[in-house]
Each structure stands twice: as structure tokens, then as C-alpha cells.
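> The structure is given below, and queries will be raised subsequently.
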Amino acid sequence: MKTEMTSRERFINALEQKDVDRVPYGYLWFGAGNAVLERMGVSLKDIYSSSDGIARAQILAREMYHHDNVMAPWGCLLVEAEALGTKVNIKENAYPTVAKYALKSAAEHEQINPQDIRCSERVKTVAGSVEILKKEIGDEAFITGATMAPLMLASQVMGGSRLCIDMLKNREDFHSLLENLTESCLLFADALLEAGVDGIFVENGENTGDLFSPQMAEEFMLPYTKRLYDHIKAEGGYVISHNCAAQAFYDLELKLKPHALNFAFGNVNLLGKKYGVECTNLHNHNNIGCGPRHCFKEFKDFSDTGISLMGNIIPDAPLTGDRFKIEHEVKSCLKAAPEKGFILATGCEIPLNTPLEKMEILWNAIKTGI
């Protein structure tokens, strides 16, 4: 093993459960992005449609925050939905939101043409940003693409309420919709891989008891998302499955067989009943650094099957916490983490308005291994 690895080597070794020179520091989307934009002298809207702007923002963020990966797209989670007909509101200093869904119901599934992904200007912009990142830092940092899982994408083309109705009352059409959306996801993944990403970070947050029963998730999430993950792996990419839902179905995440699971929240009481783990006692200090969420000790099944873990700092800790809380988050996660196959990161994106000085406290804690 080298005395000092590049960020890319460090990140890949963690994904492959090999030795690392220090724990990798993972970055999600555009965490603490306002400080980056301020230094660039631009707004989110200014660089929304700019390949160069997206890439420069990620490069600068890495220089400021010292993480081992970069990610594109960031901020906007509606790339595929926009390509497929969903209208979005582009905001000056906030992430885009849905203005109008592409479909009124799953019965309109034939209106979804996966080939629209190939000709989407927004997709081309994102792919162009990856090409710039590959040229600028391709051998130094791990380049991460970001996509939606098919069921997540369904909620973005027809809305969550209608999605739930059609899952129950119009199952055949809903499965047909998921078929089209899965093809769309595969094409977007291909665009990112061809542009040069090392792996893809897949938002799979609808795999959760907050929304569905386990049986519904197994029927409507599992086969389609598994097909996406298998495709990415077959094309040589790494897969990081992101699920920060409070009641995530982790048994199903295990069946998806990603290279890594990025997670955040969970029900500590249910965990204790299932695994006999006293998570609140483990993290101590008046429950700082834990709260109603999972830590790593009860995810031994993942590491035993070759799936790495990525997390699990509370996302708003750098914004709301003092030095003690931030340092305790890092210490708690390192103490609970597996020896190999671990990337230290937040369980979801760090809030945009997090101050630079808080991010420096976070980095110093990671760098010194508090």
C-alpha cells in the first residue's frame, strides 16, 4: 500500500474493502454550496445550465472542503424527469422544484419515451460537466454521477400522491411506466459512464416503510432498481445506493447488492429489538451524534457480503453544531464503523448555507481522526 494515496485510489479501495491510508471523506451533491458560489461570484441559477459552471463549482468545493470525490449533477435532482417532460422552476439561490408533472397518471405511460434522455440538453449539460471533471481531476478524485432509481423517478414524473393511488388501483399500467422509466435510467447512467464517471450515486429513498409496505417495495422497487444497479456494474461502474429514509428497508438494499450503502436515519428502538443493539448508549454524550438513526455496528451483514458503508454524520450537524458536536459526530462514526469498506460522509447533503468555518472544523476532525 502506498504511504499516501490519491483521493480516487482511497475511495475505490474503500468501495472494494481494501486497505486505505486514511478514511475517505465522501461529499454529497453540493453540500455547503453557498460559500462556494459566493467565492465564485455566481448564483445557482447562473450555473444551472453550464457544464463548465457545474464542474468548476465541484472543483472549487473540493479545494475548500478537501473531500475525496466530486459529484455531477448536484443540486438539481430532476435531470431525468425534466428530460422526460416534467417542467421545473429554476430558482436564483435554491434548488429547482417541479412546476408541472409530465403525466397525470400511470395510464399515460406511453408518453414516456426513454430516448428523450439521449437528446435532452440538460442531460448533455450534465455529461459535459463530467467530461470537464474527468479532464481536470480524473486521476486525482473519484468522479461520482448521480441518478434516480426508477421508483423515485416515477414520483417526479407524476407526483407522489398519484403514484400511491396507481400502485394500488392501476398496477399493470404502473409496471409499464416503471419499465419505461427503467430504460430511461439506464440511458442516463450510460451517458454519465460514457462521460467518465467512476461510479453512480443512486437515490433510492422510496425504498421505505414511511411510504410503502415491504411487499410493495419488493414488487415496485426491487426488480427495477436491481436492473439499474446490475447494468451500472456490468458497464464497469461502482454503485452507491443512497437511502436516508427514516424507515428504510435495509434488507432490500442488501438484495440490490450495491458496492456501498449511504444511509442516515433509522428507528433505534426497532433496531434494538431486531439486533439487540443499544445505539444510544454506544454514542453516549446525551445522545449527541446518534439520535433516531442507525449507526454502523448493526450493518455487519453488509460488510460480510462485500458491501461497503458510507455515512453517517447527521447532515445538519456542521450547520447547527458547535465544535464539540461536530468532532463528536466524526469520533462516533469512526468508533462504530467497520475496519474496512467504510467512507466517512454525511447521511444526506450538508445544508447549502453551512458556513465555511464549520466545514473547516469538520475537515480537521476527519484529517486528525479525532
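> With the dipole of the chain worked out from charges on the C-beta (+1 for Lys and Arg, -1 for Asp and Glu) around the Cα centre, which of L222, I314, N13 lies farthest toward the positive end?
Highest projection toward the positive end goes to I314.
> What is the dipole size for region 46-104, taken about its Cα centre, with +1 at each Lys and Arg Cβ and -1 at each Asp and Glu Cβ, in debye to the nearest 20? Intermediate results must be reported in sequence, preceding the final value.
Numbers: 6 positive and 7 negative charges, 67 e Å.
Using only the charged Cβ atoms, the result is roughly 320 debye.
> If you place +1 on the Cβ of every Lys and Arg and -1 on the Cβ of every Asp and Glu, how big does the dipole about the Cα centre of the chain come out, in debye to the nearest 20?
Details: 38 positive and 50 negative charges, 129 e Å.
Magnitude of the dipole: close to 620 debye.
> Quickly estimate the mean residue ellipticity at 222 nm for the chain, helices only: each DSSP H run with n ≥ 4 gives -39500 (n - 2.57), and the total goes over all residues, rounded to 500.
-14500 deg cm²/dmol
> For the chain, modelled as a GNM with alpha-carbon contacts under 10 angstrom, which of V197, V88, V239 fluctuates the most?
It is V88.
> How much area per residue is accessible in the chain when the probe is 1.4 Å and only protein heavy atoms are counted (Å²)? Can you show the working numbers first?
Working: 14880 Å² over 370 residues.
For the chain, the solvent-accessible area averages 40 Å² per residue.
> Once you wrap a convex hull around the alpha carbon atoms of region 107-185, what is its projected area averaged over all directions, in nm²? Kindly include the intermediate steps, with their values, before the conclusion.
Details: hull surface 23.8 nm².
Result: 6.0 nm².
> Now for a different question. Please find, in a Gaussian network model of the chain (springs between Cα atoms separated by less than 10 Å), the residue of D304, D21, D198 whose mean-square fluctuation is greatest.
Top of the fluctuation ranking is D304.
> Rg and Dmax in Å for region 53-111, alpha carbons only: what are they?
Rg and Dmax of region 53-111, Cα atoms, are 15.5, 48 Å.
> I want the local charge near D52. Using Cβ-Cβ distances under 12 Å, sum +1 for each Lys or Arg and -1 for each Asp or Glu among the other residues.
Numbers: positive: R56, K135; negative: D46, E131, E136.
Cβ neighbours under 12 Å give a net charge of -1.
> Translational diffusion coefficient of region 148-196 at 4 °C, 1.567 mPa s, Stokes-Einstein with Kirkwood Rh over Cα pairs, in µm²/s as a whole number.
Details: Rh = 11.4 Å.
In µm²/s, the coefficient is 114.
> Using a probe of 1.4 angstrom, how much of the accessible area of the chain is carbon and sulfur, in percent? Intermediate values should be presented prior to the final figure.
Details: 7130 of 14880 Å².
Carbon and sulfur atoms account for 48 percent of the accessible area of the chain.
> Using DSSP, restrict attention to beta bridges with both residues in the chain and report what percent are antiparallel, rounded to the nearest 5. Don't skip to the end; give the middle numbers.
Numbers: 5 of 32 bridges.
Just about 15 percent of them are antiparallel.
> If you take every residue apart from R227 with its C-beta less than 13 Å away from the C-beta of R227, what net charge results, scoring Lys and Arg +1 and Asp and Glu -1? Before the final figure, lay out each step's value.
Values: positive: K226, K233, K255, K257; negative: E179, E183, D230, E235.
Residues close to R227 contribute a combined charge of 0.
> Another question about this same structure. In nm, to one decimal, how far is the modelled label at R22 from the one at E140, with both set 7 Å along Cα→Cβ?
The answer from the label model is 1.6 nm.
> P(r) of region 72-226 in 10 Å steps, Cα pairs, percent per bin?
Once binned at 10 Å, the Cα pair distances of region 72-226 give 11, 40, 34, 13, 2, 0.
> Specify the residue with the greatest mean-square fluctuation among E206, E253, E121, computed from a Gaussian network of the chain linking alpha-carbon atoms under 10 Å apart.
E121
> Please report, in Å, the Rg and the Dmax of region 1-150, where both are computed over Cα atoms only.
My reading of the Cα-based Rg and Dmax gives 17.3, 58 Å.
The values are calculated or read from the model by the stated rules, or taken from the named source; none is laboratory data. This structure is a prediction, so every number in the text was calculated from the model and none was measured. For neighbour counting, all protein chains shown are included, and Cβ atoms are generated from backbone atoms with ideal geometry for every residue, glycine included. Quick note on the areas: whole protein, heavy atoms, side chains included, nothing else; ligands and nucleic acids left out. Shrake-Rupley method; radii C 1.70, N 1.55, O 1.52, S 1.80 Å.
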